[in-house]
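**Q** Pasting a structure here, questions to come.
What follows draws every value from the coordinates through simple rules; no lab data is involved. Small disclaimer: the values here were computed from a predicted structure and weren't measured. When we count neighbours, we look across all protein chains shown, and the Cβ atoms used for this are built from the backbone with ideal geometry, even at glycine.
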Amino acid sequence: MDQEKVNILLVDDQPAKLLAYEVILKDLGENLVIASSGREALEVLLKTEIAVILVDVCMPELDGFELAAMIRSHPRFQKTAMIFISAIQVSDIDRLRGYEMGAVDYVPVPVVPEVLRAKIRVFAELYRKTRELERLNHELEDRVRARTAELESSTAKLRESEQRRSMAISAGKMGSWDWDWSSGDWMWDDGQYRIFGVDPDSFEVNPANVQALLHPDDVDQLRKAIAEFNKGTRAYETEFRIVRPDGEVRWCVGTAAATVDERGRVVRVSGVTVDITERKRAEERQNLLAREVDHRAKNALALAQSIVRLTRADEVKDYVNAVEGRINALARVHTILSLSSWQGAELSRLIDEELAPYSLGDQIRLEGPEVQLLPATAQTLALALHELFTNSAKYGALSTRSGRLAIDWQVEDELLTLSWEESGGPLVMTPKSRGFGTRSLLASVESQLGGQAQFDWRAEGLLCRLEVPLTRKTATAGLGKFDTGGSAELQRASG
């Protein structure tokens, strides 16, 4: 493998000498850098990494000694090798001065090429080895730093893991135990006692007492684990329930590992118990929520299906508008129920949602207490209110600026009574037969909610009275029979 070339600086004020040095040192295969004065040599040193400096002692301006002193004063060049060339006889005092200034060797003139090449080769190789050692040292330091950081990280993770374990044990979520298979002796830590809800000072840990704390349906799990270890199983994990002395049932997951002797017989079993009651309860809540969502979705789809199937209209546009209006009403009440996590909806909120599209200002008066409706009741009553508002806006009091609407409600003995009274609108005539809107409203209140709906078509405006039980849960089985009538008309006539 080719060695990396190093830079050798040749410093002399005479071009002929510089050329001679180049010829002599060319065979070394290194990079030769030329400087014709001390100042030029300093400029080269600041820009280039130099391995060896070959400098003439006798030069104008800066001689070799002065140049060497200036070079050595710079921290970067304190270890750079310098060889002096002298054309005069150098005394011991001069040699001592040269060494003090930083010279590492002398070469007299006339220069013997082999000697000069040998000296330069030695110092160039020394420079290369030094740089290689520095590189290896840096790599070693990097590896040491990386390993140290890795160890620190591993220690931190181990410490954090131990802290989490301590926190889990202190919180009663995890415990460890040890069972001597031969003698039957048990050892529990504090966490194990806390999980089982027993007092370490009074509870004796033995197979009979431990089995007495297991849920009757899960006692077989202990027998099965013992049987598995007898068959040669080395590790076992299972979920089981315990019944604390106070009667509380807790879910746990147990993990056990066996220690065997030289003949493969089990001599000790150690394990960890983790209380997973909260996780189990969360899973139960999630499953319940999934079933509830499924039920609500089917309920909403059944209502939507009834709306689409039973809506009637003479024109396609009227049919689309009627279906969209009723689906939107269903969507609005669904949003209200979702915000309450399907706990229920306030009656005033349902009415406000139906009023929102009309912006009728002071034409409408509302009065009544806060009433919380069950989800099924809220869905059905929202559609009934939608029918009343739609018909009033098309044919009744809300169809003119002079019309007025008063909605009052009250609750007595879990019975909601809602009064709808219109006035100031077009003249009202008693219909000869019930329209689809009337039938849908009656179906929703009477069939679905078990209430009553009464209509009084007075000439001055419709008077409707709804009575709805608040405690009855709507049966979803009859949703397919829910008549949401095609035309929203309540058979109004203007005259």
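**Q** Two decimals, Cα atoms only, Kirkwood Rh: what is Rg/Rh over the range 174-275?
**A** Taking Rg over the Kirkwood Rh, I get 0.95.
**Q** Which value, in nm² and rounded to one decimal, describes the direction-averaged projected area of the C-alpha convex hull of the range 1-49?
**A** Result: a mean projected hull area of 3.5 nm².
**Q** Could you calculate the FRET efficiency of residue 367 with residue 432 from 1/(1 + (r/R0)^6), where r is the beta carbon distance between them and R0 is 25 Å, rounded to 0.05?
**A** Calculated value: 0.15.
**Q** Take the Cα pairs of the range 1-86, get the Kirkwood Rh, then feed it into Stokes-Einstein at 37 °C and 0.692 mPa s and tell me D in µm²/s.
**A** Translational D for this selection: 251 µm²/s.
**Q** Along Cα→Cβ, 7 Å out, is where each label goes; now give me the distance between the ones at residue 335 and residue 284 in nm to one decimal.
**A** Reported label-point gap for residue 335 and residue 284 is 3.6 nm.
**Q** A further question on this structure: Mind listing the phi-derived Karplus ³J(HN,Hα) values for the range 25-31, rounded to whole Hz, using 6.51, -1.76 and 1.60 with θ = phi - 60°, and x for any glycine or proline?
**A** With the stated coefficients, the range 25-31 comes to 8, 4, 5, 6, x, 9, 7 Hz.
**Q** Could you give the nm distance between label points at residue 135 and residue 180, where each point is 7 Å from its Cα heading toward the beta carbon?
**A** Placing both labels 7 Å along Cα→Cβ, they lie 6.4 nm apart.
**Q** Now, a different point. What nm value, rounded to one decimal, do you get for the distance between residue 28 and residue 234 when each label is placed 7 Å out toward the C-beta?
**A** Simple spin-label model gives 6.5 nm for this pair.
**Q** Which entries in the list 173/231; 5/119; 173/224; 79/119 go over 22 Å, if you measure between the two C-alpha atoms of each?
**A** Over 22 Å Cα-Cα: 173/231; 173/224.
**Q** Then there's this: Contour minus end-to-end for residue 415 and residue 348, with contour as 0.36 nm per residue of separation and end-to-end as the Cα-Cα distance?
**A** 22.5 nm
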